[in-house]
There are 2 protein chains.
Amino acid sequence: MLVTDLSNSAQDYLKLIWTATEWSATPITVSSIAGRLGVRPPTVSDGIKKLAAQNLVTHAPYGSIELTAEGRKHAVAMVRRHRLLETFLVQSLGYGWDEVHEEAEILEHAVSDKLIERIDQCLGHPTRDPHGDPIPSPGGQQHQPTGTQLSVAEAGSTVTVTRISDADPELLRYFTELGLTPDTQLSIQEHRRFADLTTIRLRGQEQNIDLGASASEAIWVVAV
Amino acid sequence: MLVTDLSNSAQDYLKLIWTATEWSATPITVSSIAGRLGVRPPTVSDGIKKLAAQNLVTHAPYGSIELTAEGRKHAVAMVRRHRLLETFLVQSLGYGWDEVHEEAEILEHAVSDKLIERIDQCLGHPTRDPHGDPIPSPGGQQHQPTGTQLSVAEAGSTVTVTRISDADPELLRYFTELGLTPDTQLSIQEHRRFADLTTIRLRGQEQNIDLGASASEAIWVVAV
DNA sequence: CAATATTGTTCGCTAAGCCTAACATTCTGG
DNA sequence: CCAGAATGTTAGGCTTAGCGAACAATATTG
Ligand SMILES: [Mn+2]
Ligand SMILES: [Mn+2]
Ligand SMILES: [Mn+2]
Ligand SMILES: [Mn+2]
């Protein structure tokens, strides 16, 4: 079965389940899927049951949701599509990194395998998308992403941004203003515990910047 | 109402009704739509009734099917999307003109208005697609196409190809071999009536070429 | 101009995806 | 450890897009 044989919503479920555990080990739940996809829990409960009937996920009522090998294959193919499309929109069509997620969310279901491979070729086989997320190879390989959320990274250390969550476009526009993008180097000045603030300084700048929890949790970093 | 508010199939119906009368005055029928779209007549009969209820077409049972002003607006917007996408796939991604129709048929429903305008800009506002079909402007204007089918064009005349129907990819590959594309000049040697053959000679070539009805009806020409 | 062939429509059905309301299970904190 | 909160499932209903069978209207042709 090809990825393109699955319905749009099945493709979205699988992609979402896969990406949910890419950067953190949060267990995937019916309501988390419903929240992300903008549908009600019963819809997801049904949807997951159908995916289980197709052997794309394992799931017993009230139990955990896990991809099967087959399901993972489709999920990774969708992630590849999504991230290549985002990269293409930025590189070739002048989109901002805050504008591409929504567009790719639709296009990923419509492009053919041939088109995806043309785009990949035209971009020179990129390995990361505009948000720093790794792009799986056609065969499904990808180097395991490393990094921790800025909110929990060690104060006093100097780090490189590896990845910024693309979930909130407005946050991305704020980061653009700051000049904070993947591969930016910064030093972590301090965490102010009950204010939930993280103070950072970008490499080459004098100013300190205070980031709240939603911002510092959206940024993944590795030690330089 | 925006074009993107309509279902994919409604978009396809409207586009098909519009294009059916672009190059010839063939009246559009339920079964012709069903044939082109690969669905059964009852499906189309229902679908047209729904479009009529939305005031996008006029249609009384057993009567003719005509676009309303509103329906025409949506139809032209879809034609613009389709043809810009075809052009983009050829110009920017190295597709052959025989490969783009199918891909555009899907993508046209998925791209945003923003993406279409980016593509238009990136291509320098092209006015014709790879098959010679005119690309309507964002406002819906387009210069009326002129031309007659090669099969009925005057024998002995020298003409320029303005348009080749993209309905049959295999035929397009054959034309590629011959070097017969939009803007090619050729002279019409003769029509052989009951053999349904048209003999042509491409400008700058020595060889005559015999084209059967399906080929000579797919080519539109204007006198030089 | 009537019989027949063609074309179009209506009817009743299916499947997918979504919903709300009601119910079941599991988690949690006193 | 148990009651209430949180989460998940089932049941039943809606809409859209499709189908075949049966029927209705129109077109063709002898
Ligand atoms: Mn999607
Ligand atoms: Mn991304
Ligand atoms: Mn289409
Ligand atoms: Mn075309």
All positions within the range A:103-126 that are assigned to a loop (DSSP other than H, G, I, E, B) and more than 8 Å from chain B (Cβ to nearest Cβ)
A:GLU108, A:LEU123, A:GLY124, A:HIS125, A:PRO126
Members of the range A:1-11 found to be within 8 Å of DNA strand C (Cβ to nearest atom) and buried (at least 19 other Cβ atoms within 10 Å of the Cβ), listed by number
A:LEU6, A:ALA10
Tally, over the range A:141-198, of residues that are in a loop (DSSP other than H, G, I, E, B) and hydrophobic (A, V, I, L, M, F, W, C):
4
Among the residues that make up the range B:83-98, is at least one of them within 11 Å of another protein chain (Cβ to nearest Cβ), of a type in the set (A, V, I, L, M) and closer than 20 Å to B:TRP18 by Cα?
yes
Residue check, A:ILE28 crowded, with 20+ Cβ neighbours inside 10 Å, more than 24 Å from A:ALA110 (Cα to Cα) and touching a residue at least 40 places away in the same chain (Cβ under 8 Å)
no
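Within the group B:VAL57, B:VAL152, B:VAL76, B:VAL111, which residue is of a type in the set (A, V, I, L, M, F, W, C) and closer than 30 Å to B:THR199 by Cβ?
B:VAL152
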Just one of the numbered conditions (1) at pLDDT below 95; (2) surrounded by 14 or more Cβ atoms within 10 Å (Cβ to Cβ); (3) within 20 Å of A:PRO134 (Cβ to Cβ) is not true of A:LEU197; which one?
(3)
For the condition more than 14 Å from chain B (Cβ to nearest Cβ), buried (at least 18 other Cβ atoms within 10 Å of the Cβ) and of a type in the set (Gly, Ala, Ser), what is the one hit in A:GLY156, A:GLY147, A:GLY140?
A:GLY147
Which residue out of A:GLU217, A:GLU170 is under 14 Å from the mean Cα position of the chain (by Cα) and closer than 23 Å to A:LEU16 by Cβ?
A:GLU217
If the Cβ limit is 7 Å and pairs must be 6+ apart or interchain, which residue in the range B:41-54 that is away from every other protein chain (no Cβ under 14 Å) pairs with which residue that is within 6 Å of DNA strand C (Cβ to nearest atom)?
B:PRO41/B:VAL30; B:PRO41/B:SER31; B:VAL44/B:VAL30; B:SER45/B:VAL30; B:ILE48/B:VAL30
Condition met for B:ARG36 (within 17 Å of B:SER165 (Cα to Cα) and surrounded by fewer than 18 Cβ atoms within 10 Å (Cβ to Cβ)):
yes
Close pairs from the range A:62-74: first over 14 Å from A:ALA25 (Cα atoms), partner within 16 Å of ligand 1 (Cβ to nearest atom) and modelled with pLDDT under 95, Cβ under 6 Å, at least 6 apart
A:HIS74/A:VAL3
Only one of B:TRP23, B:TRP97 is buried (at least 22 other Cβ atoms within 10 Å of the Cβ), among the aromatic types (Phe, Trp, Tyr), more than 16 Å from DNA strand C (Cβ to nearest atom) and outside the structural domain of B:ASP168 (by TED's automatic domain parsing); which?
B:TRP97
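The values are calculated or read from the model by the stated rules, or taken from the named source; none is laboratory data. Owing to the predicted nature of the structure, the values given are computational and were not obtained by experimental measurement. Here the Cβ is made from the backbone with ideal geometry for all residues, glycine too, and neighbour counts use every protein chain on show.
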